[in-house]
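Engineer: My questions will all concern the structure given below.
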Amino acid sequence: MDFTTYLSEKNYILSLALFFIGLMLKKTPNIKNWYIPYILSVLGIVASVIIEGININSIIQGLIAAGIAVYSHQLGKQCINCISKSSDKSTE
């Protein structure tokens with residue numbers, strides 16, 4: 001399965017930008033963690049509409065870009081947790 005067909009080439013950089021915006025939002029003390037996916041979704045839709053114009057495809061592309069950003073952050077976070085747990089067990 002070719003996953004690159006789901007995200008437009010114009011929106012590759014958008015998912016990367018949303019990832020880093022999410023990291024910055026995570027460091028912001030007044031923003032709760034559960035707000036971040038919603039903020040990234042809105043930013044992704046707005047940015048995609050600016051890039052591709054107003055249509056349903058650009059809205060879907062914005063949601064996919066936000067989903068990639070949130071998913072990749074969670075994947076990295078879970079890998080770090082798994083590695084730290086396995087290193088804690090080896091020191092016991």
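Engineer: Take the residues in the range 4-25 that are hydroxyl-bearing (Ser, Thr, Tyr) and more than 19 Å from ILE50 (Cα to Cα); name whichever of them is modelled with the highest pLDDT.
Structural biologist: Within the range 4-25, the first condition is being hydroxyl-bearing (Ser, Thr, Tyr), and the residues that meet it are 4-6, 8, 12, 15.
Those left that are additionally more than 19 Å from ILE50 (Cα to Cα): 4-5.
Details: THR4: 71, THR5: 77.
Once the filter is applied, the top-ranked residue is THR5.
Engineer: Determine whether GLN74 is without any contact (Cβ under 8 Å) to a residue 40 or more places away in the chain and within 16 Å of the chain's Cα centre (by Cα).
Structural biologist: On the way: without any contact (Cβ under 8 Å) to a residue 40 or more places away in the chain: yes; within 16 Å of the chain's Cα centre (by Cα): yes.
The answer is yes for GLN74.
Engineer: Scan the range 33-71 for residues that are closer than 15 Å to ASN11 by Cβ, among the polar types (S, T, N, Q) and either modelled with pLDDT under 90 or open to solvent by 50 Å² or more (accessible area, probe 1.4 Å) (or both) and report the count.
Structural biologist: 2
Engineer: Look at the range 11-57 and say how many of its residues are assigned to a helix (DSSP H, G or I) and either closer than 14 Å to HIS73 by Cβ or of a type outside the set (A, V, I, L, M) (or both). Working first, answer last.
Structural biologist: Taking the range 11-57 first, the residues assigned to a helix (DSSP H, G or I) are 11-27, 33-52, 56-57.
Next, only the ones that are either closer than 14 Å to HIS73 by Cβ or of a type outside the set (A, V, I, L, M) (or both) stay: 11-12, 15-27, 33-41, 44, 48, 52, 57.
Number of matching residues: 28.
The values are calculated or read from the model by the stated rules, or taken from the named source; none is laboratory data. Model, not experiment: these values are computed from the prediction. Reconstructed Cβ throughout: ideal geometry from the backbone, glycine too, with neighbour counts over all protein chains shown. When the accessible area is computed, the model is the full protein with side chains, heavy atoms only, and any ligands, DNA or RNA have been set aside. Shrake-Rupley method; radii C 1.70, N 1.55, O 1.52, S 1.80 Å.
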